[in-house]
Protein chains: 2
Amino acid sequence: MPLPERQLIAQLRRKLRSRSRAVALSLGDDCAILRLPHDDDALVTTDFSLEGVHFRRDWQSPECIGHRCLARGLSDIAAMGGRPIAAFLSLALPSDCSQKWVDRFFAGLLKLARRQRVVLAGGDTAQSLSGVLADIVVVGRVERGTALLRSGAKKGDQIHVTGKLGESAAALRLLSAGKIKRRDVFPEPRIAVGEWLRKNRIASTAIDVSDGLSTDLTNICQESGVGAVIEAEAIPVHPSAKRDGPRAPSTGHVALDLALHGGEDYELLFIAPPSRRVPRRIAGVKITRIGEIVRGKSVKIVQEGKESVLRSRGWQHFRS
Amino acid sequence: MPLPERQLIAQLRRKLRSRSRAVALSLGDDCAILRLPHDDDALVTTDFSLEGVHFRRDWQSPECIGHRCLARGLSDIAAMGGRPIAAFLSLALPSDCSQKWVDRFFAGLLKLARRQRVVLAGGDTAQSLSGVLADIVVVGRVERGTALLRSGAKKGDQIHVTGKLGESAAALRLLSAGKIKRRDVFPEPRIAVGEWLRKNRIASTAIDVSDGLSTDLTNICQESGVGAVIEAEAIPVHPSAKRDGPRAPSTGHVALDLALHGGEDYELLFIAPPSRRVPRRIAGVKITRIGEIVRGKSVKIVQEGKESVLRSRGWQHFRS
């Protein structure tokens, strides 16, 4: 049942209002007012979630789409070692979008927001002429000058990754091939891990694995002016990616390709000086050492004793 | 000539980077880092500009669309009496969008940004399957607890408006009727006026005229729990709206209807206690007293000696 825009706006405003007491001092107004603690820097990130580009309504549940919409922003805050404080959602809905779909989208988004103690503090609404269009803004905070950057990696530093990689890409591969009709993947942004790494000064550098390990590691190397060598056997491949077995162009192995180039895992890739002891688990999440920062500019992978250049094969958002 | 997404992203990143030194401490990273002065509150606002909903590429120049995209956000900061510090642009482009169009869009947006001393500090890029999709986020600042809200209006307070109303609506009317092919309107967000009103404690309440005077005044009355009476003859109607003369359903007068209900003027509507002396001009902008806050809940208009209820006939974004 299509909803008139006015009704939708009122509905969103009620939803926004109900969760707004913690940090947003104002909601009926033109802007949200946020009060940050003294001596904190503000972190700001903005991420699109566009139907047909980042998700498909026939492939994922509304709850999953809502969850992933917010997870994209939260993961950026996690990568800087920050604490998210407020989210802002711009949401444009087409006339074929039902009230039930919108309710379930919000249910997914707000469930994650509650778990990560983030307030949905504002946003914008509009009619969309084609597809559901969402843009999430997350504002976070971090003690002044302590944010984890992409530019701190040095020769000899160790490369680590949280959790397992390739689950989102494995689902997407099956969906694209028509082997399954629907698949929900709910990546959990690694907020607690990022904060722990920053507060304990373990990581010199961090990024979230949103575009794929090969691309995100290349970004770190470019920003830091270094190279890297990772070990294929060390990459923590998600079980759902492993099911596919060998035969991939880049590494001869589908599972490894999904983990290296898949993207949208929202795990953290971080670099720690060799003097720092990195625990096996942080905030309940498994940590895996996958390689080392080296001199030079290239990112290489060692597989079955042979070293080859790992090309950045960044995430190409799927198309409808 | 369509641009591949990767090239566009690189291009946007360069543009973002070149203007980022003032407040954004970090740009190659997952988030922008903003450092606000101690004792300031942060203001955050987010506004869509969607092709076919908020603009049309065949009706407006790319420079005008870029200008208006940023103006929407800046105007919200002005309404709170704040100073904008950074903008974030999420921009999704369809394959039929040329490099030249994008360059000219940015030229319009960045010209306004420079004039209002706002840094374009980040954003997101994506491919769009249909139309140009932009979402602008503006972060501003204001001394703690001093932001102008919508909820401060009291009985006896005087209602004022900056500049003239109805220019955007008059252009839209001619475009919709096919009487003109293209028309650029460049509303200037009233940042300096908003700041002056707040710092000199002249206004108790403010809003920007984005949805149309009738809707925005109704919003103030609802948030403040008051009513209002405005005088038709006092409304400052823009010359381009005046050309049309009489014959409108609401007031019997097209020009007045455009000024009352048109929207997208980005002037400020503000309320001042009777004890405050409001200058005729603030920061070079003409100020006009148009009415008074009264007890009750309804918004009324006096025209040729007769009082009638002024219904909120909010801005309906145009459709393609």
Meets criteria (within 18 Å of the chain's Cα centre (by Cα) and either within 28 Å of A:Leu50 (Cβ to Cβ) or within 14 Å of chain B (Cβ to nearest Cβ) (or both)) for A:Gly178:
no
Check on B:Ala153, within 9 Å of chain A (Cβ to nearest Cβ) and crowded, with 20+ Cβ neighbours inside 10 Å
no
Of A:Leu120, A:Leu109, which residue is of a type in the set (A, V, I, L, M) and either surrounded by fewer than 20 Cβ atoms within 10 Å (Cβ to Cβ) or touching a residue at least 60 places away in the same chain (Cβ under 8 Å) (or both)?
A:Leu120
Can you tell me which residues in the stretch A:90-106 are surrounded by 20 or more Cβ atoms within 10 Å (Cβ to Cβ) and farther than 14 Å from A:Pro62 by Cβ?
A:Ser90, A:Ala92
Note on the stretch B:213-227: residues away from chain A (no Cβ under 11 Å) and either under 12 Å from B:Val161 (Cβ atoms) or out of contact with any helix residue (DSSP H, G or I) (no Cβ under 9 Å at 6 or more places or on another chain) (or both) are B:Leu213, B:Leu217, B:Thr218, B:Cys221, B:Gly225
Quick one: A:Phe48 ticks every box in (1) under 14 Å from the mean Cα position of the chain (by Cα); (2) at pLDDT below 95 bar one, so which box is it?
(2)
Of all residues in the stretch B:33-80, count the ones that are part of a loop (DSSP other than H, G, I, E, B) and more than 10 Å from chain A (Cβ to nearest Cβ).
7
Limited to the stretch B:133-148, what total is found for residues that are surrounded by fewer than 24 Cβ atoms within 10 Å (Cβ to Cβ) and under 27 Å from A:Ala134 (Cα atoms)?
1
Could you tell me whether any residue of the stretch B:255-263 is at pLDDT below 95, surrounded by 17 or more Cβ atoms within 10 Å (Cβ to Cβ), over 15 Å from B:Asp216 (Cα atoms) and within 25 Å of the chain's Cα centre (by Cα)?
yes
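The values are calculated or read from the model by the stated rules, or taken from the named source; none is laboratory data. Everything numeric in this text was worked out from a predicted model, so none of it was measured. We place every Cβ from the backbone using ideal geometry, glycine too, and count neighbours over all the protein chains shown.
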